[in-house]
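Just below is one structure, and these are the notes that go with it.
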Amino acid sequence: MTDIWERLYEKARTEYHPAEVSPFITAHHVVCAMEAENGEIYTGFCIESCCGVMDLCAERVAALNMYLHSGQTAVKRLIAFRDRAPYGEGSGMPCGACREFFMQLDERNENMEIMSDYTSRSTVTLRELIPDWWGRERCASRCGVCLAQVEQADLYQVLSMQAEAFAELLEKYHDDDTSPANETYTDILRRYRQEGSTYYFILSGEEKVGVIRVVDKRDGESRKRISPLFILPGYRRRGYAQKAIAEAERIHGAHNWQLVTILQEEGNCRLYESMGYEQRGIAQVISDEMTLVIYEKD
């Protein structure tokens, strides 16, 4: 059974046939294949001319092909090579212009895997190749949301915000035993101290509009779990939840995420599905009116 890297390699290999397009332009001597966020695969090949400003690397051609045909900007995996698959020693690495292009195209691309050695399946992330990227501040400003890590001294404020955020659902479903609105300081402190657990305030400017907690489960798949996520009542329907999830994915890595939500809250379900999460099963039946379901994003 072929793995995703073999599929990418075979797709890219079909583009490898060096050619002289004209006395001034050559093409197809470096090739690329990439897996987009939705799992589709797109290919590209380099084009070089006598005037360097008109050159295009295979990676950028593949990305433009992806955007042209699907409108997508986020890449999961990428492989690029000349006459043989990447073999280490810097082979297969995108040039500086391509690294910058992918970061400007979509900041989530810092988490994309780049094949460095095909035989051993060794990879690096774009974040490793371009650390401390200069454009993060501009991205955060455009997004309108950033995450600030919660300190232990802030937990009473988190507790108060959580009670306010979940009060409506508590009244609607009468889930006194499981509602986050009824949690105690001891409950939140225990979660705060859990290994791999990080609480963040969701900030819009200086305003704390909600909270998101990320748990790195380290269960063999390094799956990340969101629990809880809430936006205060006065700030809802402004896209803050979606932006907070996207920022959490950027910080912790774009793949292998899980969360639990109420099946009957259709708006929440549609939000997660719009971000690539899929319903994978029932977590718990609380009552005839309330069912908790699992959403995952691979």
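Under a point-charge model restricted to the Cβ atoms of Lys and Arg (+1) and Asp and Glu (-1), what is the dipole moment magnitude of the chain relative to its Cα centre, in debye to the nearest 20?
In total the dipole reaches around 380 debye.
May I ask which of Lys224/Lys297; Lys11/Lys76; Lys217/Lys243; Lys208/Lys297 have a Cα-Cα span longer than 18 Å here? Could you put the intermediate results ahead of the total?
Working: Lys224/Lys297 10 Å; Lys11/Lys76 16 Å; Lys217/Lys243 22 Å; Lys208/Lys297 27 Å.
With Cα atoms farther than 18 Å apart: Lys217/Lys243; Lys208/Lys297.
Using 0.36 nm per residue of separation minus the Cα-Cα distance, give me the extension gain between Leu68 and Arg236 in nm, one decimal.
57.2 nm is the gain from fully extending Leu68 to Arg236.
In a GNM of the chain with a 10 Å cut-off on Cα contacts, which of Gly90, Gly210, Gly276 has the highest mean-square fluctuation?
Most flexible of the set in this elastic network: Gly90.
Using DSSP to define loop residues, name the GluC sites (Glu not before Pro) in the stretch 245-298 whose beta-carbon has at most 13 other beta-carbon atoms within 10 Å.
Answer by residue number: Glu289.
Among Cys146, Cys46, what's the order by accessible area (1.4 angstrom probe), most exposed first? Show your work: numbers first, answer last.
Numbers: Cys146 50, Cys46 5 Å².
Final ranking, largest accessible area leading: Cys146, Cys46.
Pulled fully out, how much extra length does the chain show between Ser91 and Glu195, if you take 0.36 nm times their separation in residues and subtract their Cα-Cα distance?
Full-extension gain reported as 33.7 nm.
From Cα pairs below 8 angstrom and at least 6 apart in sequence, can you work out the relative contact order of the chain, rounded to a whole percent?
Over the chain, the number comes to 10 percent.
Along the Cα→Cβ direction, 7 angstrom out, place labels at Asp176 and Ser227. What is the inter-label distance in nm?
Between Asp176 and Ser227, the simple spin-label model gives 2.4 nm.
Given a 1.4 Å probe and the protein chains all in place, what does the accessible area of Val285 round to, in Å² to the nearest 10?
90 Å²
Carbon and sulfur atoms: what percent of the 1.4 Å accessible area of the stretch 124-248 do they account for?
45 percent
Take the Cβ-Cβ distance between Thr125 and Asp83 as r, set R0 to 30 Å, and report the resulting FRET efficiency rounded to the nearest 0.05.
With R0 = 30 Å, the Cβ-Cβ based efficiency is 0.70.
Largest first, how would Arg99, Arg82 line up by accessible area (1.4 Å probe)?
So, going from the largest accessible area down, we get Arg82, Arg99.
For the chain, what is the mean residue ellipticity at 222 nm derived from helices alone (per DSSP H run of n ≥ 4: -39500 (n - 2.57); sum divided by total residues; nearest 500 deg cm²/dmol)? Before the final figure, lay out each step's value.
On the way: 9 runs with 95 residues, N = 298.
Helices in the chain give a 222 nm mean residue ellipticity of -9500 deg cm²/dmol.
In the chain, if the dipole is taken from +1 on Lys/Arg beta carbons and -1 on Asp/Glu beta carbons about the Cα centre, which of Met290, Ala62, Gln162 is farthest to the positive end?
Ala62
The values are calculated or read from the model by the stated rules, or taken from the named source; none is laboratory data. Predicted model only: the values in this text are computed from it and were never measured. Positions of Cβ are backbone-derived with ideal geometry, glycine not excepted, and every protein chain shown enters the neighbour counts. Heavy atoms of the whole protein, side chains included, go into the accessibility calculation; ligands, DNA and RNA do not. Shrake-Rupley method; radii C 1.70, N 1.55, O 1.52, S 1.80 Å.
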